[in-house]
Amino acid sequence: MGSTIGAILGEAVGVAVSPVPIIAVVLLLSTPKGKTNALSFLAGWLVGLGVVGAVVLALADPTHASSDAGPAAWVGWMFLLLGVLLVLIGVRAFRHRPKGGVEPPLPKWMAAIDGFSPGRSLLVGFALAALNPKNLTLTLAASTTIASAGLATSQSYIVLAVFVVIGTLGLAFPVGIYFLGGDKAAETLGELRHWLAMNNSAIMSVLCLVIGVKLIGNGMQTLL
């Protein structure tokens, strides 16, 4: 089980380092219902990652993702497909990086974040975890790795839980600053939001390219 946790750490960190969702948490913390909305967002994120991972594990079990000979051939093809998708996402992020030091505009839905309710915050957190192309691809990759490791069902879900927790640490970071940062918390969060907005494309491109190439290598190793 420990080796499987090690194998999915890269994907978990890739999910955790999600600039736009982290910015969303920072903005939610500045709203009238900041604490409740931010915690609801985190809950939705946790559920989103967990649901995608659990679905993959449930579907992969009857298809015999692993055997004594190693991972099944479909696992290798899945790694190749997900790796190529991540590389494409990384290239797209690089091409859309900000030019001339100008902070890029935030997604349009963030303009309405002041009016978010806890329920809407939860739904948005769920959607960004489960449906965002980068996070969905990384979660599928991690879940496929878990499914092909030949673990007992209980162990597979323990590893998935570890993935979900690590994948949430990035969003929990600004919440920790909010509660523990004292009088400078608002200033620190503002600086964090600005830095993430300016470096979102660079972070995304590097993460996706590195993990994408790794998955392509894993797929080739499985198939050859």
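Inside the range 205-224, can you point out the residues that are small (Gly, Ala, Ser) and either farther than 26 Å from Val20 by Cα or not in a helix (DSSP H, G or I) (or both)?
Gly217, Gly219
Kindly indicate whether Arg97 is under 21 Å from Ala16 (Cα atoms), in a loop (DSSP other than H, G, I, E, B) and of a type outside the set (Val, Ile, Thr).
Yes; evaluated as a whole, the condition is true for this residue.
I'd like to verify a number: residues in the range 101-146 that are under 29 Å from Val75 (Cα atoms), hydroxyl-bearing (Ser, Thr, Tyr) and over 11 Å from the mean Cα position of the chain (by Cα), how many?
Selection size over the range 101-146: 3.
Return the total of residues in the range 7-26 being closer than 20 Å to His194 by Cα and not in a helix (DSSP H, G or I).
Looking only at that region, the number is 2.
Give me the residue from the range 152-161 that is of a type outside the set (Ser, Thr, Tyr) and surrounded by 18 or more Cβ atoms within 10 Å (Cβ to Cβ) and, out of that set, farthest from Gly53 (Cα to Cα).
Here the residue is Val159.
Identify the residue in the range 84-115 that is touching a Cys at 6+ places or on another chain (Cβ under 7 Å) and among the small types (Gly, Ala, Ser) and, among all such residues, is modelled with the lowest pLDDT.
The qualifying residue modelled with the lowest pLDDT is Ala93.
Only one residue in Thr188, Thr168, Thr153 is within 15 Å of the chain's Cα centre (by Cα) and of a type in the set (S, T, N, Q), so which one is that?
Of the residues listed, the single one that is within 15 Å of the chain's Cα centre (by Cα) and of a type in the set (S, T, N, Q) is Thr168.
Please enumerate the residues belonging to the range 105-117 that are outside any helix (DSSP H, G or I) and surrounded by 13 or more Cβ atoms within 10 Å (Cβ to Cβ).
If the condition is that a residue be outside any helix (DSSP H, G or I) and surrounded by 13 or more Cβ atoms within 10 Å (Cβ to Cβ), then Leu106, Phe116 are the ones that fit.
Looking only at the range 118-159, which residues are assigned to a loop (DSSP other than H, G, I, E, B) and at pLDDT below 90?
Ser148, Ala149, Gly150, Leu151, Ala152 - these are the residues of the range 118-159 that are assigned to a loop (DSSP other than H, G, I, E, B) and at pLDDT below 90.
The values are calculated or read from the model by the stated rules, or taken from the named source; none is laboratory data. Small disclaimer: the values here were computed from a predicted structure and weren't measured. Here the Cβ is made from the backbone with ideal geometry for all residues, glycine too, and neighbour counts use every protein chain on show.
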